[in-house]
Amino acid sequence: MVRLNAPLPGKPAKATYGAISRLGVFGGTFDPPHIGHLILADEARSQLALDHILWVLTPNPPHKGDHSISPLEVRTSLLQAAIQDQPYFSLSTVDIDRPPPHYAVDTIRLIKSQFPEASIFYLIGGDSLRDLPKWHAPRELLDLCPTLGVMRRPDDQVDILTLESLLPGISTRIQWINAPLLEISATSIRAKLKSGQSFQYYLHPAVYRLICDKHWYQGEA
Ligand code: ATP
């Protein structure tokens, strides 16, 4: 059991950690954060009995070289707005505070050094699970995270046999999060913004307000 009375270096002021033995880690680009992310994290917290979830904002994910990502300040403000209601969510700047490449395995190593006694539950969508064998050092990542909390996505094409052949033992680490399939992605929300379609209810109200007030994403791909 870990008990921290003061925020960790690089943590937002609001983050005060109580006893944490089951720690969720949820990484993403969050460009923008949407209700699919919030539902995944909150269902994981409840179904996996997590004490806390760190939302790890990745400045430049190694696997997303194909589209231009919004400035870090924009995504940080939006993510803070998205998670502000929940004391059991906090933003981790662990990837922001270090130079690239931001491989998940290194992120988890750093978080483990901050929470040495906590069990790490790595939270991902089904598409990320499918792609995990292609990530940097996936075996080491699995060794650091006893459990993967996975929420399916429509058309994520998760094939456990293939995964198991590439990463033996992975299927015993997966805990499926029971939730409806949500056909929501940051890509589709950016596309709606660009083409002037309605997008309000895909987002936390505070995220929606910020995007409208600051005119973020409009006119982008
Ligand atoms: P983009 O469309 O820009 O690729 P995204 O919506 O997939 O973005 P990310 O920030 O890349 O969002 O996702 C962070 C994590 O959340 C990933 O593990 C991803 O699989 C998961 N995730 C995102 N949206 C959903 C969803 N609708 N259902 C389940 N998991 C999701």
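Observations
- Beta bridges by DSSP in the chain, antiparallel share as percent, to the nearest 5: 10 percent
- Each Lys and Arg contributes +1 and each Asp and Glu -1, all at the Cβ; summed about the Cα centre of the chain, the dipole is approximately 340 debye.
- Farthest towards the positive end of the charge dipole of the chain, among the residues P59, L78, F199, is the Cα of L78, using unit charges on the Cβ of Lys, Arg, Asp and Glu.
- Residues whose amide H comes within less than 5 Å of that of S92, counting only those at least five positions distant or on another chain, are W55, V56, L57 (H built at 1.01 Å from N in the peptide plane).
- Relative contact order [Cα under 8 Å, 6+ residues apart], the stretch 19-214, whole percent: 26 percent
- Sequentially through the stretch 76-84, phi angles give Karplus couplings (6.51, -1.76, 1.60; θ = phi - 60°) of 5, 4, 5, 5, 4, 5, 5, 9, 4 Hz, Gly and Pro residues having no value and appearing as x.
- Computed over the stretch 118-221, the alpha-carbon pair-distance distribution with 10 angstrom bins reads 13, 36, 24, 21, 5, each value a whole percent.
- In plain terms, if you count all Cα to Cα distances in the stretch 19-214 and split them into 5 Å steps from zero, the share in each step is 1, 7, 16, 20, 22, 17, 10, 4, 1, 0 percent.
- Cleavage-rule hits, trypsin sites (Lys or Arg not before Pro), the stretch 71-154, DSSP coil, Cβ neighbours within 10 Å at most 12: none
- Evaluating 6.51 cos²θ - 1.76 cosθ + 1.60 at θ = phi - 60° for every residue in the stretch 177-185, the Karplus couplings come out as 8, 7, 7, x, 5, 10, 7, 10, 9 Hz, glycine and proline recorded as x.
- Computed from backbone phi, the HN-Hα couplings of the stretch 91-106 come to 7, 9, 9, 4, 7, 5, 7, 9, x, x, x, 9, 6, 4, 4, 6 Hz, rounded to whole numbers (Karplus: 6.51 cos²θ - 1.76 cosθ + 1.60, θ = phi - 60°; Gly and Pro given as x).
- Peptides 120-126, 204-210 ranked from most to least packed by the mean count of surrounding Cβ atoms within 10 Å: 120-126, 204-210.
None of the figures in this text is laboratory data; all of them are computed from the coordinates on show. Everything quoted here is computed from the prediction, not taken from an experiment. Backbone-built Cβ (ideal geometry, glycine too); neighbour counts: all protein chains shown.
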